[in-house]
Amino acid sequence: MAALREIRDRIDSVRNTMKITNAMYMISSTKLNTARKKLKSTEPYFYTLQSMFERILRHLPTGFAHPYLDRRTEIPEGERSRAFVCITADKGLAGAYNANVLKLAESHMGNGKRDHLYVVGEVGRQYFLHRNVDMDGEFHYTAQKPTLSRARHISMEMLALFREKKVDEVYVVYTRMKNQAEFVPELIQLLPLVQLDSALMNVGNLPVNTIQETFSLEPTPTKLLDNIVPEFVNGYIYSALVESYCAEHFARMQAMDAANRNGNQLIRDLTIEYNRSRQARITQEITEVAAGARARREQMERAGKMRKDLEP
């Protein structure tokens, strides 16, 4: 009976675990729908801002210089100081979501002597702490609540670091929703901005008036960039936070769905094993009862024969 009880306990344990995975699946499903609505309402503004920003960069005067366009070519490639904003989740149980973005961040950070790491999410913070990687900043409560104010806090800090020349490049590492059913980790350079040259653009992929349009920058290109660049960087970081939030819950839904399928399969296998063990136990008991009955019958037959032999 000990083996049967052990199998029954394992089945009960799997069923209790599946209650948790089912609940986590439903919670992530609800949060994913909310995040997708937020992302859908944000994308028109962000893409319009990005398109307008690219147009402004194409029409800047030749030789125009600005702190946010400073590529600092005088600093050798291997000696540049870089800042990485790594966006992870606050919780695990999301498949390869956290592992993919952390692996991508580590692969670009190199030896880390001139790199500055800023982490969003408790999983990333614990990951780098256990590997003794120094972190220059942590943005708590941002992974689960991506808002414009939290994104602005991050973007202002990154802009200040670049403007004060404490870092030469700023990157954001996040997870992008490639489509409704796929997500990929991605690294994007936010600063310095790359001034586009309209002569090098592929005119065949753009409307003609996009290249040849008359563009007036008021009051001055410098003041215009001073105002629009912070909004552009803030919008990009906010979009990265929301997309990462969507990808996290989509990944968790996939992981919990796989866990539920595996749990159902495990319950089926354990049930078959339980039934086989129970049937084997019943068969053994029947065999023992039948053997006992046969032995009793044979004993009675021998006793009867002995009585007949003793009769005069």
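The values are calculated or read from the model by the stated rules, or taken from the named source; none is laboratory data. What you see is a predicted model; the values in this text were computed from it and never measured. In this analysis, Cβ positions are derived from the backbone assuming ideal geometry, glycine residues included, and neighbour counts consider all displayed protein chains. All accessible areas refer to the heavy atoms of the entire protein, side chains included, with ligands and DNA or RNA removed. Shrake-Rupley method; radii C 1.70, N 1.55, O 1.52, S 1.80 Å.
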- Note on the structure: Listed by range, strands (runs of 3 or more DSSP E) wholly within region 129-216 having at least 3 residues that are at pLDDT below 90 and within 27 Å of residue 67 (Cα to Cα) are 137-139, 182-191
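Rundown of residues vs (1) out of contact with any Cys (no Cβ under 6 Å at 6 or more places or on another chain); (2) part of a helix (DSSP H, G or I); (3) at pLDDT 90 or above, yes/no style:
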site	(1), (2), (3)
89	yes, no, yes
92	yes, no, no
104	yes, yes, yes
107	yes, yes, no
113	yes, no, no
- Message: Please verify whether residue 25 is out of contact with any Lys or Arg (no Cβ under 6 Å at 6 or more places or on another chain), of a type outside the set (Lys, Arg) and farther than 30 Å from residue 273 by Cα, treating the condition exactly as stated.
- Response: no
- Message: For the structure I just gave you, tell me whether residue 70 is within 30 Å of residue 21 (Cβ to Cβ), of a type outside the set (A, V, I, L, M, F, W, C) and either at pLDDT 80 or above or buried (at least 16 other Cβ atoms within 10 Å of the Cβ) (or both).
- Response: no
- Query: Within region 42-70, how many residues are farther than 21 Å from residue 223 by Cβ and either among the basic types (Lys, Arg) or touching an Asp or Glu at 6+ places or on another chain (Cβ under 8 Å) (or both)?
  - Reply: 0
- Out of all the residues in region 99-114, is one or more open to solvent by 50 Å² or more (accessible area, probe 1.4 Å), within 18 Å of the chain's Cα centre (by Cα) and acidic (Asp, Glu)? yes
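Taking the stated definitions as given, is residue 54 modelled with pLDDT under 85, acidic (Asp, Glu) and touching a Leu at 6+ places or on another chain (Cβ under 8 Å)? Spell out how you get there, then give the answer.
Details: modelled with pLDDT under 85: yes; acidic (Asp, Glu): yes; touching a Leu at 6+ places or on another chain (Cβ under 8 Å): yes.
The answer is yes for residue 54.
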- Any chance you could count how many residues in region 211-267 are more than 24 Å from residue 51 (Cβ to Cβ), open to solvent by 40 Å² or more (accessible area, probe 1.4 Å) and among the aromatic types (Phe, Trp, Tyr)? 0
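Quick test for you: out of 15, 36, pick the one residue that is part of a helix (DSSP H, G or I), open to solvent by 90 Å² or more (accessible area, probe 1.4 Å), touching a residue at least 24 places away in the same chain (Cβ under 8 Å) and on the phi < 0 side of the Ramachandran plot. Talk me through it step by step, then tell me what you get.
Working: 36 fails: open to solvent by 90 Å² or more (accessible area, probe 1.4 Å).
Only one candidate passes the filter, namely 15.
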- Does residue 42 satisfy being in a helix (DSSP H, G or I), open to solvent by 40 Å² or more (accessible area, probe 1.4 Å) and β-branched (Val, Ile, Thr)? no
- Can you pull out the residues in region 84-97 that are closer than 16 Å to residue 146 by Cβ and of a type outside the set (A, V, I, L, M, F, W, C)? 88, 90, 91, 97
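For (1) surrounded by fewer than 16 Cβ atoms within 10 Å (Cβ to Cβ); (2) farther than 27 Å from residue 41 by Cβ, each residue gets a yes or a no:
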position	(1), (2)
121	no, no
125	no, yes
128	no, yes
134	yes, yes
137	yes, yes
141	yes, no
147	yes, no
153	yes, no
158	no, no
- Task: Starting from region 117-132, keep only residues that are touching a residue at least 12 places away in the same chain (Cβ under 8 Å), then list their pairs with residues that are surrounded by 22 or more Cβ atoms within 10 Å (Cβ to Cβ) and among the small types (Gly, Ala, Ser) whose Cβ atoms are within a distance under 6 Å, requiring at least 6 positions of separation or different chains.
- Result: 120/143; 121/89; 121/143; 123/89
